[in-house]
Amino acid sequence: MSETAESPSPPTHRVVAVVELLAADPAPLTVADVTARLDLNRSTATAVLSALEATGWVRRDPAARTYTLGPGLLGVADAVRTRAGVPESLARELDALAERVGCGVALSEIGPAQITFVAVAGGPEALPSGIAVGTRLPLRPPGGAAVMPWRPPADRAAWLARGPEGSREELAELLVLAQATGVALWRPTAEHGQLLAVLRDVVDLLDAHPGRADLRSRVLDQLVVIGGQPYTKADLDDDRPLPLSYLSAPVFDGAGRARHELQIGPLRAAVGKDERARYIRELQAAAERIGGA
């Protein structure tokens, strides 16, 4: 994180970056580690760590001169778990779904301007590569397509306006299909097959450099976009095996609002019609159980 990086509040951004760095690394870190990995000067890093230590959010080992997250964050973590509505039963549901479909699973909250991943379950691949709990991405097509049919017209119009100019008619048709079927299916564009692999490698490299969080977010955003070419109804009715990157379905809360989106990511080059139908059944059944809970 360069100190010249654009931010509404650079000092706040630095504090957040230090906390996220300590959370991401299980090993205690020295001031030198923090300065190197977040591209801060030593005095700034020391000041931030001292302030966090005073609140109990960071614990310092005087002998080793290292820092780890402190017990002062326990109350914050418990409050987030409670208010975000991510109970232990949800983790079991997502794990069970991942086992049944044999791929990664993610639950995301679709806000007015961004997507926040609130739960992620295992599988041979992440969904998409690099996604973890707490990952935030800008809300723009194809992200959020499964919930947009149930959002107010102004929200749908804003979402469509964020898509590529030449694809807005196609995206509008996708929303009609998603509302009719209750699911959206995606495939990677043929011309981006190699680029997807390169961008996944870039995300893996950036995982070791939390100071480049802004760049990592932009790369993830591009991964979502180029891996998300929507299928049409005619495609879904085709008996031939088709490539399938991921599927998404809305999750409705008790008031009937579609606030969350459940995704699975087969990331397979060829999926037959019967197998596609099985994926859809499993995804929709899990989304209904999650919403009911």
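A short reminder: the numbers here are calculations on the coordinates, not readings from a lab. Keep in mind that this is a model prediction, so the values were computed, not measured. In this analysis, Cβ positions are derived from the backbone assuming ideal geometry, glycine residues included, and neighbour counts consider all displayed protein chains.
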Could you tell me the center-to-center distance, by alpha carbons, between region 245-293 and region 93-118 in angstrom?
9
Under the Karplus relation with 6.51, -1.76 and 1.60 and θ = phi - 60°, whole-Hz ³J(HN,Hα) for region 157-162, x at Gly and Pro, equal 5, 5, 5, 4, 5, 7
Any idea how far apart GLN179 and SER50 come out in nm if each label point goes 7 Å out from Cα toward Cβ?
5.9
Given H placed 1.01 Å from N in the peptide plane, which residues other than close sequence neighbours of PHE252 have an amide H under 5 Å from its amide H?
GLY291
Can you work out the Karplus-derived ³J(HN,Hα) for every residue in region 27-32? Use 6.51 cos²θ - 1.76 cosθ + 1.60 with θ = phi - 60°, whole Hz, and x for glycine or proline.
8, x, 10, 8, 4, 4
In terms of modelled amide H atoms, which long-range or inter-chain residues lie less than 5 Å from the amide H of VAL118?
LEU107, SER108, GLU109, GLY134
Between the modelled labels at ARG65 and GLU165 (7 Å from Cα along Cα→Cβ) the distance in nm is 5.7
For 29-41, 231-243, ranked highest to lowest by mean beta-carbon neighbours within 10 Å, the order is 29-41, 231-243
Sorted by average packing, counted as other Cβ atoms within 10 angstrom per residue and highest first, what order do 143-152, 54-63, 274-283 take?
143-152, 274-283, 54-63
